[in-house]
1. Which of the residues spanning the stretch 64-79 are free of Cβ contacts under 8 Å to residues at least 12 places away in the same chain and not polar (S, T, N, Q)?
2. Restricting to the stretch 72-116, and then to whatever is surrounded by 11 or more Cβ atoms within 10 Å (Cβ to Cβ) and among the aromatic types (Phe, Trp, Tyr), can you tell me which residue is modelled with the highest pLDDT?
3. Out of everything in the stretch 1-48 that is β-branched (Val, Ile, Thr) and assigned to a helix (DSSP H, G or I), what residue ends up being surrounded by the fewest Cβ atoms within 10 Å (Cβ to Cβ)?
Amino acid sequence: MSFRLDIHQRPSESVAATIDAELEAAIASLEVTDPTARPDAVHDARKRLKKARSALRLVRGDLGNRTARRLNAELRDVAASLSDRRDFEMTKKTFAGEIDRFGMTGISSPCPAASTTPLPRQQH
């Protein structure tokens, strides 16, 4: 992971622009309409959120610890909300692969609702 900083800006402004670019790219990656591209889009968005959180750590001194912690928590929560979707898609893909691997025909899902609806997020 690398960041490109503009030497004509203050470091904090340049890092802020990098964070903005990563967040915009994360949003754009989630705008896919092809269902088969969705798992990769979610993965890309999570990677970009991780990069944004990393860049945020570089400027936390300029933001103040309270603001930096709040922003970090918000980005972390957004990424966590996407993980449910990613986990659901990967479980479906793995299940389909096992059906093919063992030649079990006529089985589409252990639970019909699971083919279209992700489980709600568990509260800890």
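The values are calculated or read from the model by the stated rules, or taken from the named source; none is laboratory data. From a predicted model like this one, the values you see are computed outputs, not experimental measurements. Neighbour counts run over all protein chains shown; Cβ positions are idealised from the backbone, glycine included.
1. Scanning the stretch 64-79 gives GLY64, ARG66, ARG69, ARG70, ALA73, GLU74, ASP77.
2. PHE95
3. Top of the filtered list is THR36.
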